[in-house]
Amino acid sequence: MSKTHVATHINGDSYEFLCNTQQTLLDVLRHELDLKGSKEGCATGDCGACSVMMDDRLVCACLVLGVEADGKKIETVEGLSTGSSLDPLQQKFIDLAALQCGICTPGVLVAAKALLEKNKNPSEEEVRFWLAGNLCRCTGYDKIVRAVLEVAAEARNT
Amino acid sequence: MNDMTQTNLERALKIVGSRPARPDGVDKVTGRALFGADKSLPNMLVGRVLRSPYAHAKIISIDTSKAEELKGVKAIVTSTDFEDFPSEFVPNGEMVVNMKDITRNVMAREKALYVGHTVAAVAATSEDIAEQALALIDVTYEVLPHVLEVEDAEKPGAPLLHDDMITIGIEPAPESASNVAKRVEFGFGDVEKGFSEADLIIEREFTTQQVHQGYIEPHACLASVSEDGQAELWCTTQGPFVVRNFCSKLLGFNAAQIRVTASEIGGGFGGKTVVYLEPLALALSRKSCRPVKMEMNRAEVFTSSGPTSGAKIWVKIGVKNNGQITAGDCVLKYQAGAFQGAPVGPGAMCAFAPYDLKNVRAVGYDIVVNRPKVAAYRAPGGPISEYGVESVIDEIAIKIGMDPIDLRLKNAAKEGTIAPYGPKLGPIGMIETLEAAKSHPHYSAPLGPNQARGVASGFWFNIGGETSSSITINEDGTVGLTLGTPDIGGSRASMAMMASEELGVPMELIKPIIGDTNSLGFNFLTGGSRATFSTGTTVVESTREAIEELKKRAALLWEVSLDQVEWFEGHARLISGDEPKTMSLAQIAKQAGKTGGPIMANCSMNVTGAGPSLGTHIVDVEVDEETGQVSIIRYTAIQDAGKAIHPAYVEGQMQGGAVQGIGWALNEEYIYNEKGELENTGFLDYRIPVCSDVPMIDTVIVEVPNPNHPYGVRGVGETPIIPPLAAISNAVSRATNKRFDELPLSPPKVLAKLMHG
């Protein structure tokens, strides 16, 4: 079976790749482009560890085909920091110990950033429901929710 | 060790007890950290596993010839590629393993014993080809009747999983084989006499279902065996040295031939303490002489790794009207899965351990069934048995009209109590956690309609074990730490903090790494709540040894005797002398070349003296009487940490354990169909708590120091999963005025009880 040529933008850079039509975007990111920050926890869209942005929409990369990325703008965890400065969410997660093993962290961060772009003043309940698609088995979510709320509050105050 | 304990507990601490950033934080928030599936090698093959579709079947033959002919297939392994072993039990943390069983669990031999049991494995140039090859392997099975539940498995005439299994622990030994692998009994006194003295006796049966650790990272590994038999293994594991030893035995390697490097680990909770893919990948790599990468998918994680037991338990407690417990008795029947090794021993040992009892007995049975072989899961065995006991304690409190915390306080274990499993307890925090619970604002907060409050306590032993770590003082005054226990939840931070505290240099100058199996002596795994306790002990010991060496070098440079030099806040200091004289660690390190060479120290020991950790949890639930839905409204976890090195990560353990317990209590269960197939093999149907299911988890860290650790650490990881099961069940029982005795408290089960009693 011949492969399909795909041209896309990932974290602001142009990428071209060839992929099989059945390959998921997650598979392409991890195996064709060597962007290993997006994780595979389930491959069925249940865990959110592969959360990425596609044209400003939060998606599970395991539920998107690689060919669908053609002409789109993809943002992954690798694009959150700028140079040596971390995104405020990344820094807050470290400061508040909002991660333990860290496997869910890339997906949670991408999802949390998507929330804060839509909603500058989310309630605890809104954070909890927005992140309900990102499973974390270590933290019990407490410190994750606090970190997101604190970043939102700090952004409003600056 | 007691001397140094004194010193540290009396000294004002600068770093220990604070909340610095973890050394691996940036790697983990940027996606840079490499987990099990994140590494590749040139010329790498992909390995896939053929699994049994039957719950119980004889393997008559396996024909791999067609698969071997498929272009791109480079190696196929079956049971003939693995050594067989006589039955021999080896301790593995809080669990016991038997190599005869391990080799059969890694690769089925005579029989497949559960759906998902490995039958063969293939390495090929692509995943597609590997999958095609699996379909070409021709296995002839003779399907046998299967058994899934302990009450069926123990009946005479039940399908036998192992026809040579004679129950251990019964005198005289039974004459015929059964599915009951083992009987254990702990306790003392005379329970019948105790019950005769009671004013009230409550006796009840409980059921819990099989649950999975639910780590988000599936098992994954990358093995590379070269033509001369040297092997490199990269894998996600709680114990690289344990993996090395299992794999070398299974494959006939010696230990030095296999170097295991632990990847970052995406959760384990006990489930990554044994081997599944690792020996397969090594065997495939040895056959093909190419690197082989293997990953489980989520369904395989559920069907073919090591969840914990479902159980049937019976608890009987007698009590005086004043709340004094006169006797406690329980019988625990735990599913082992396909091979013996249910955590019923620890379950029986800790069932009544929060209490100071005169008459106590706990009997346990380890029963094999056609489910995956259980592995450790956070306080293995404890949540199940203590759920039963803590539920009965609550029922007693209601019946005698006593506050449930007061009832526990009246019977609480304390220093000097003889534990039901034998030893006399040292200082422990049962009373302290209960008192903290009682005075917490949560305990007296008003409740709304259909809401109620539940309380339960939990006891866990914690362990020590073989541990080895090293410290190097670099020429520029920075410090390297090499640790042998994978960092699963922030332990690099706590180790660097302890070294920083000892040395008196900033934590940022200390770089902790996890070494591979060639860089240190044997380390037992990260588990049993042992890493901060055991590895922490070796870090403090080796740091103190390095400080002695630094003092020696300063003495040399000053041309004074060693006893003239003391260590103070990162500096050597001349004790006497006309004027104060100090030399910083960096100044000493810079001159190490001319004072005797590089400065490093290591500590290898079998760490003993782990301190049990007690916890008490308070939960408010609301029950929707129309749907049976139970909501967690408020939650507070209180636990004795001994000493919290990094309180944020201690809180994290308490919060995470509590929420895993909430999942166990409310939703999680393995659901099998009549063919013995698991029906909920994904996170959609095996529903672990999501963010919107739970409230903030309030925490109170109690610190009753463990005298056997330099800073008083007990270990905190496991205890917090114990209390939630009973605390939630007690709250639901109180909210509905019906006594619940089955988990999970999922909406259909709660609704059925509300409608039919």
Exercise. With respect to the numbered conditions (1) open to solvent by less than 20 Å² (accessible area, probe 1.4 Å); (2) not in a strand (DSSP E or B), which one is the sole condition not fulfilled by residue B:340?
Worked result: (1)
Problem set entry | Qualifying residues in region B:678-709 (those that are away from chain A (no Cβ under 11 Å) and closer than 16 Å to residue B:746 by Cβ) - the one most open to solvent (accessible area, probe 1.4 Å) | B:679
For this session: Take residue B:633 and decide whether it is out of contact with any helix residue (DSSP H, G or I) (no Cβ under 6 Å at 6 or more places or on another chain), of a type in the set (Val, Ile, Thr) and outside any helix (DSSP H, G or I).
Result: yes
Seminar exercise, completed: Going through region B:215-246 in order, the residues found to be of a type in the set (A, V, I, L, M) and farther than 18 Å from residue B:376 by Cα are B:220, B:222, B:223, B:225, B:231, B:233
Exercise. Taking into account only those residues within region A:85-99 that are facing another protein chain (nearest Cβ under 8 Å), open to solvent by 20 Å² or more (accessible area, probe 1.4 Å) and not in a helix (DSSP H, G or I), which is nearest to residue A:34 (Cα to Cα)?
Worked result: A:86
For this session: Inspect all residues belonging to region B:723-731 and state whether any of them is touching a residue at least 24 places away in the same chain (Cβ under 8 Å), buried (at least 20 other Cβ atoms within 10 Å of the Cβ), under 30 Å from the mean Cα position of the chain (by Cα) and within 24 Å of residue B:645 (Cβ to Cβ).
Result: yes
For this session: Output the number of residues of region B:649-692 satisfying the condition of being in contact (Cβ under 8 Å) with a residue 60 or more places away in the chain, of a type in the set (S, T, N, Q) and within 27 Å of residue B:147 (Cβ to Cβ).
Result: 3
Seminar exercise, completed: Within region B:225-237, the count of residues that are open to solvent by 10 Å² or more (accessible area, probe 1.4 Å) and either assigned to a loop (DSSP other than H, G, I, E, B) or in contact with a helix residue (DSSP H, G or I) (Cβ under 6 Å, 6 or more places away or on another chain) (or both) comes to 5
Exercise. What number goes with the only condition from (1) in contact with an Asp or Glu (Cβ under 7 Å, 6 or more places away or on another chain); (2) closer than 18 Å to residue B:107 by Cα; (3) not small (Gly, Ala, Ser) that residue B:261 does not pass?
Worked result: (2)
Exercise. Of the numbered conditions (1) in the same structural domain as residue B:299 (by TED's automatic domain parsing); (2) over 20 Å from residue B:307 (Cα atoms); (3) over 27 Å from the mean Cα position of the chain (by Cα), residue B:14 satisfies every one except a single condition; which is it?
Worked result: (1)
Problem set entry | region B:465-488, residues that are within 24 Å of residue B:266 (Cβ to Cβ), open to solvent by less than 10 Å² (accessible area, probe 1.4 Å) and part of a loop (DSSP other than H, G, I, E, B) | B:484, B:485, B:486, B:487
Problem set entry | Cross-chain or 6+ apart pairs with Cβ under 7 Å, region A:56-84 first and within 21 Å of residue A:39 (Cβ to Cβ) and within 14 Å of chain B (Cβ to nearest Cβ), then of a type in the set (D, E, K, R) and crowded, with 17+ Cβ neighbours inside 10 Å | A:62/A:40; A:80/A:87; A:80/A:113; A:81/A:87
Exercise. Pick from B:181, B:177: which is free of Cβ contacts under 8 Å to residues at least 40 places away in the same chain, touching an Asp or Glu at 6+ places or on another chain (Cβ under 6 Å) and more than 30 Å from residue B:684 (Cβ to Cβ)?
Worked result: B:177
Problem set entry | Meets criteria (more than 9 Å from chain B (Cβ to nearest Cβ), modelled with pLDDT of 95 or more and touching a Leu at 6+ places or on another chain (Cβ under 7 Å)) for residue A:151 | yes
Exercise. Modelled with pLDDT of 95 or more, at the interface with chain A (Cβ under 9 Å from one of its Cβ atoms) and either open to solvent by less than 10 Å² (accessible area, probe 1.4 Å) or out of contact with any strand residue (DSSP E or B) (no Cβ under 8 Å at 6 or more places or on another chain) (or both), is that true of residue B:644?
Worked result: no
Seminar exercise, completed: Only one of A:137, A:128 is within 11 Å of chain B (Cβ to nearest Cβ), assigned to a loop (DSSP other than H, G, I, E, B) and among the basic types (Lys, Arg), namely A:137
Seminar exercise, completed: Here the residues within region B:279-302 that are more than 18 Å from residue B:126 (Cα to Cα), open to solvent by 10 Å² or more (accessible area, probe 1.4 Å) and in contact with a Ser or Thr (Cβ under 6 Å, 6 or more places away or on another chain) are B:299
Exercise. Which pairs have Cβ atoms under 7 Å, sit 6 or more apart or on different chains, and link a residue in region B:735-757 that is assigned to a helix (DSSP H, G or I) to one that is crowded, with 18+ Cβ neighbours inside 10 Å and hydroxyl-bearing (Ser, Thr, Tyr)?
Worked result: B:754/B:736
For this session: Residues being in a helix (DSSP H, G or I) and either in contact (Cβ under 8 Å) with a residue 60 or more places away in the chain or open to solvent by less than 30 Å² (accessible area, probe 1.4 Å) (or both): count how many of those fall in region B:74-128.
Result: 10
For this session: Assess whether residue A:88 counts as being at pLDDT 95 or above, within 16 Å of the chain's Cα centre (by Cα) and of a type outside the set (Asp, Glu).
Result: yes
For this session: Test each condition in (1) in contact with a strand residue (DSSP E or B) (Cβ under 8 Å, 6 or more places away or on another chain); (2) surrounded by fewer than 20 Cβ atoms within 10 Å (Cβ to Cβ); (3) of a type outside the set (S, T, N, Q); (4) outside any loop (DSSP other than H, G, I, E, B) for residue B:435 and report the one that comes out false.
Result: (1)
Problem set entry | Residues located in region A:10-45, provided they are within 18 Å of the chain's Cα centre (by Cα), among the polar types (S, T, N, Q) and open to solvent by less than 30 Å² (accessible area, probe 1.4 Å) | A:38
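Results for (1) β-branched (Val, Ile, Thr); (2) under 30 Å from residue B:254 (Cα atoms); (3) touching a residue at least 60 places away in the same chain (Cβ under 8 Å); (4) out of contact with any Ser or Thr (no Cβ under 8 Å at 6 or more places or on another chain), shown as yes or no for each residue.
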residue: B:464; (1), (2), (3), (4): no, yes, yes, no
residue: B:485; (1), (2), (3), (4): yes, yes, yes, no
residue: B:506; (1), (2), (3), (4): no, no, no, no
residue: B:509; (1), (2), (3), (4): no, no, no, no
residue: B:514; (1), (2), (3), (4): yes, yes, yes, no
residue: B:523; (1), (2), (3), (4): no, yes, yes, no
residue: B:534; (1), (2), (3), (4): no, yes, yes, no
residue: B:538; (1), (2), (3), (4): yes, yes, yes, no
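The values are calculated or read from the model by the stated rules, or taken from the named source; none is laboratory data. Quick caveat, the model's predicted, so the values are computed rather than measured. As a convention, Cβ positions derive from the backbone with ideal geometry for all residues, glycine included, and neighbour counts pool all protein chains shown. Protein only, heavy atoms only, side chains kept; ligands, DNA and RNA dropped before computing areas. Shrake-Rupley method; radii C 1.70, N 1.55, O 1.52, S 1.80 Å.
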